[in-house]
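Reviewing the structure listed below.
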Amino acid sequence: METSIIQIGNSKGLRLSKTILEKYHIKDKVELILEKGQIILRPIDSPRKNWEEKFKKMAKNEDDQLLMNDVFDDENFDEWI
């Protein structure tokens, strides 16, 4: 696909069609990767998307236990005083 570079203020940019934005789930930001003479645009997904829902599900299933102790047996709190 060929597309034009357009003037945007003092910079230049690339215009992506609505079809491309929807097909590749591009919202407000993309990751720009410069690799081997290529420019790759990758959509940025919200890394914490739906966390609240997932945490509630974990709590309901009692699957929200610590994987390790928050205090270790050999921990010395005297050095913090």
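Determine the dipole magnitude for the chain: charges of +1 sit on the beta-carbon of Lys and Arg, -1 on that of Asp and Glu, nothing else is charged, the reference point is the Cα centre, and the result goes in debye to the nearest 20.
It comes to approximately 1320 debye.
Tell me, what is a quarter of the convex hull surface for the C-alpha atoms of the stretch 37-81, in nm² with one decimal?
Taking the Cα atoms of the stretch 37-81, their convex hull projects to 8.1 nm² on average.
Within the set of other residues whose C-beta is less than 15 Å from the C-beta of Leu14, count the net charge using Lys and Arg as +1 and Asp and Glu as -1.
+3
If we count every other residue with Cβ under 15 angstrom of Glu52's Cβ, Lys/Arg +1 and Asp/Glu -1, where does the sum land?
That works out to +4.
Which residue, Ser17, Ile33, Ile44, has the largest displacement toward the positive end of the dipole of the stretch 5-67 when charges sit on each Cβ (Lys, Arg +1; Asp, Glu -1)?
Of Ser17, Ile33, Ile44, it is Ser17.
Dipole of the chain (Lys/Arg Cβ +1, Asp/Glu Cβ -1, origin at the Cα centre): which of Phe55, Ile5, Asn76 lies farthest to the positive side?
Positive-end residue among those listed: Ile5.
What does the stretch 5-67 give for Rg and for Dmax, in Å, if only its C-alpha atoms count?
Both quantities, over Cα of the stretch 5-67: 18.9, 55 Å.
Which chymotrypsin sites (Phe, Trp or Tyr not before Pro) in the chain pass both tests, a DSSP loop state and at most 11 other beta-carbon atoms within 10 Å?
Filter output for the chain: Phe72.
Report the relative contact order of the stretch 5-67, percent, no decimals, based on alpha-carbon pairs under 8 angstrom and at least 6 residues apart.
17
What's the angle, to the nearest 10 degrees (0 to 90), between helix 51-60's Cα axis and the longest principal axis of the chain?
Orientation of helix 51-60: about 30 degrees from the principal axis.
Just so you know, all these numbers are worked out from the coordinates, no wet-lab data involved. None of the values given here were measured: they were computed from a predicted structure. Every residue, glycine as well, gets a Cβ built from its backbone with ideal geometry; the counts of neighbours run over all protein chains shown.
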